[in-house]
Amino acid sequence: MQTHRHPAEPLIEPPEAAAAADECRRLRIVARIEAPQLWDSTAARLLDCARRRWQGRPDIADHPALRRWSRIQDSQQRPQQPCLRTLFAACASGSLVGGDPCADLAAAIMLLSSCPAEAVRQADPGTVRFSVYAYREDDLPLAEDLIVTTIRACGTLLARRCTVLRPPVRSAAPLVEHPTPDLFVLGSTAAR
């Protein structure tokens, strides 16, 4: 009598899944803000919630997402991504000041979801573009929910796009592949 055995789950991730761990997802959302007063108050309330989450906590520097993103940003030097370390340091010192709804909402997203985020006003009046960066361990769904819920309360969602940013390929080859020939040695007949 034969028994049917279910295939065992692999103990090691397949190469494509392991490669996906190194991929950073960038979520971009564009919205039109139609109720500016509601936008201002919603961003301020979310920032207050985020401050309360971290207020008085001595373990901010040990936050896993902060440590992971600090290592990533130090190694990759990507200035286009907002820095969690700066924001968490301002929150820990009590120097995080609000007042600009774009900066307030981006800070709230970063503090609540631990994903680097930015909100930038566009040339078209009332239009804001959000960018959120996330690795597999980050809470991108929370960041997206915070943005979309805020937009639905005070405006219209115009576009949403999620792309994958792959890490730059680093070459192990030296800058100069071949040693400089001895053609330019003083006194050499080849240099004359």
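Mind counting the residues in region 79-110 that are hydrophobic (A, V, I, L, M, F, W, C) and either within 11 Å of the chain's Cα centre (by Cα) or surrounded by 24 or more Cβ atoms within 10 Å (Cβ to Cβ) (or both)? Residues flagged as hydrophobic (A, V, I, L, M, F, W, C) and either within 11 Å of the chain's Cα centre (by Cα) or surrounded by 24 or more Cβ atoms within 10 Å (Cβ to Cβ) (or both) within region 79-110 amount to 8. Selection of region 111-138 for residues being surrounded by 15 or more Cβ atoms within 10 Å (Cβ to Cβ), in a loop (DSSP other than H, G, I, E, B) and among the charged types (D, E, K, R) yields only ASP138. Residues of region 85-110 that are at pLDDT 90 or above and under 12 Å from LEU142 (Cα atoms): ALA108, ILE109. Residue pairs whose Cβ atoms lie under 8 Å apart, sitting 6 or more positions apart in sequence or on different chains, and linking a residue in region 94-105 that is in contact (Cβ under 8 Å) with a residue 12 or more places away in the chain to a partner that is open to solvent by 10 Å² or more (accessible area, probe 1.4 Å) and assigned to a loop (DSSP other than H, G, I, E, B), are ASP104/GLY98. Can you confirm whether GLN81 is in a loop (DSSP other than H, G, I, E, B), under 20 Å from ASP139 (Cβ atoms) and modelled with pLDDT under 70? Yes; evaluated as a whole, the condition is true for this residue.
The values are calculated or read from the model by the stated rules, or taken from the named source; none is laboratory data. Predicted model, so just to flag it, every value in this text is computed and none were measured. Note that we place each Cβ from the backbone using ideal geometry, even for glycine, and neighbour counts take in every protein chain shown. For accessibility, only protein heavy atoms count, side chains too; no ligands or nucleic acids. Shrake-Rupley method; radii C 1.70, N 1.55, O 1.52, S 1.80 Å.
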